[in-house]
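To start, the structure under review is shown below, and the notes come after it.
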């Protein structure tokens, strides 16, 4: 008995019949693949140009256009319902689609002059943290619940805005072309974080709303269990570097807050402005500008060492500023 003949209560709980909408066949499948490729390619171009332009509106537009979230949701549904063939095809959709987005990001970076440094939009996607994981978990749950109560992937645009999928992949391509391998790895970690979080949470939501393995595999529930455990383990492994990065970020913020008055005291009455300063582990960089020369860098390093608890590698850069005061008679 399918959902269309079982009466009005049939769709109150989600079953494999409802999830069938995520897996078109025949002509519908071919049309779906064509739409997927076209929309994902357009989204990749929008995201790449938006990242270079540092345009939040363009990046959000790319998230809405991209169908990648729907493919990941379908993969989660295939895990829950033990559709082996669908697991393979949807996973390939995600992988091949991801590679296409990376390639388009690389291509766009080839034709656009290289920036001096990464702008805020690019840099934000190269250093994921636990907050990104939290957003992905919540967005994955919301997307799965809406997909369960409605049908197919027509309700996913809002979730696409919340969780970042295409922009990190475009950032990977851009950073690879720029030779910034560490930043490319960070952007890829952000995508993998979102992918794993969506799969795990969506699978749980599908199960809670009534999804079950299809009849051909219902006798072997351990297959579903083992695959879900594998997805959860992957998510746990990804969470480790995110937690480490979060701790490092918190430590850096605390050090920066405590070191600011030390730097101010070291400058003293000199006419100097701190243009930029950064902390990377025990390495401190201070960029100063003004008409007065700074004092001894060794003195500042000695003042900072007790705060860090160990010797500090200090780099002070000074850009002299010339001030001219003239008067002219009328």
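The values are calculated or read from the model by the stated rules, or taken from the named source; none is laboratory data. Quick caveat, the model's predicted, so the values are computed rather than measured. Every residue, glycine as well, gets a Cβ built from its backbone with ideal geometry; the counts of neighbours run over all protein chains shown.
Tell me, which residue of the stretch 311-330 that is touching a strand residue (DSSP E or B) at 6+ places or on another chain (Cβ under 6 Å) and assigned to a loop (DSSP other than H, G, I, E, B) is surrounded by the most Cβ atoms within 10 Å (Cβ to Cβ)? Walk me through how you get there before you give the answer.
Keep residues of the stretch 311-330 that are touching a strand residue (DSSP E or B) at 6+ places or on another chain (Cβ under 6 Å), which gives 312-319, 321.
Cutting the leftovers down to assigned to a loop (DSSP other than H, G, I, E, B) gives us 312, 321.
Values: 312: 20, 321: 13.
If we take residues in the stretch 311-330 being touching a strand residue (DSSP E or B) at 6+ places or on another chain (Cβ under 6 Å) and assigned to a loop (DSSP other than H, G, I, E, B), then 312 is surrounded by the most Cβ atoms within 10 Å (Cβ to Cβ).
Might you let me know whether the stretch 213-225 holds any residue that is assigned to a helix (DSSP H, G or I), modelled with pLDDT of 70 or more and loosely packed, with under 14 Cβ neighbours inside 10 Å? Spell out the reasoning first.
Just the residues of the stretch 213-225 that are assigned to a helix (DSSP H, G or I), to begin with: 221-225.
Now restrict to residues that are modelled with pLDDT of 70 or more: none.
Checked against the condition, which is being assigned to a helix (DSSP H, G or I), modelled with pLDDT of 70 or more and loosely packed, with under 14 Cβ neighbours inside 10 Å, the stretch 213-225 yields no hits at all.
Pull out all pairs, ordered by first then second residue, where Cβ-Cβ is under 7 Å, the residues are six or more apart or on different chains, the first lies in the stretch 8-36 and is outside the structural domain of residue 67 (by TED's automatic domain parsing) and exposed (fewer than 10 other Cβ atoms within 10 Å of the Cβ), and the second is assigned to a helix (DSSP H, G or I) and modelled with pLDDT under 75.
Short answer, once both residue conditions are applied: none.
May I ask you to list the residues in the stretch 111-136 that are in a helix (DSSP H, G or I) and crowded, with 20+ Cβ neighbours inside 10 Å? Talk me through it step by step, then tell me what you get.
Restricting attention to the stretch 111-136, the residues satisfying the condition of being in a helix (DSSP H, G or I) are 111, 120-123, 130-136.
Of everything in the stretch 111-136, those that are in a helix (DSSP H, G or I) and crowded, with 20+ Cβ neighbours inside 10 Å turn out to be 122, 132, 133, 136.
Would you confirm whether any residue within the stretch 74-90 is without any contact (Cβ under 8 Å) to a residue 24 or more places away in the chain, assigned to a helix (DSSP H, G or I) and within 19 Å of the chain's Cα centre (by Cα)?
Scanning the stretch 74-90 turns up no residue that is without any contact (Cβ under 8 Å) to a residue 24 or more places away in the chain, assigned to a helix (DSSP H, G or I) and within 19 Å of the chain's Cα centre (by Cα).
Of these, 108, 94, 101, which one is in contact with a helix residue (DSSP H, G or I) (Cβ under 6 Å, 6 or more places away or on another chain), modelled with pLDDT of 85 or more and crowded, with 21+ Cβ neighbours inside 10 Å? Spell out how you get there, then give the answer.
Values: 108 fails: crowded, with 21+ Cβ neighbours inside 10 Å; 94 fails: crowded, with 21+ Cβ neighbours inside 10 Å.
Going through 108, 94, 101 in turn, the sole match is 101.
Would you mind stating whether residue 69 is modelled with pLDDT under 85, within 28 Å of residue 105 (Cα to Cα) and either assigned by TED's automatic domain parsing to the domain that holds residue 100 or outside any helix (DSSP H, G or I) (or both)?
Details: modelled with pLDDT under 85: yes; within 28 Å of residue 105 (Cα to Cα): yes; either assigned by TED's automatic domain parsing to the domain that holds residue 100 or outside any helix (DSSP H, G or I) (or both): yes.
Judged against the criteria, residue 69 is a match.
Filter the stretch 281-310 for residues that are farther than 13 Å from residue 259 by Cβ and either outside any helix (DSSP H, G or I) or at pLDDT below 75 (or both) and give the result.
Result: 281, 287, 288, 289, 290, 291, 292, 293, 294, 295, 296, 310.
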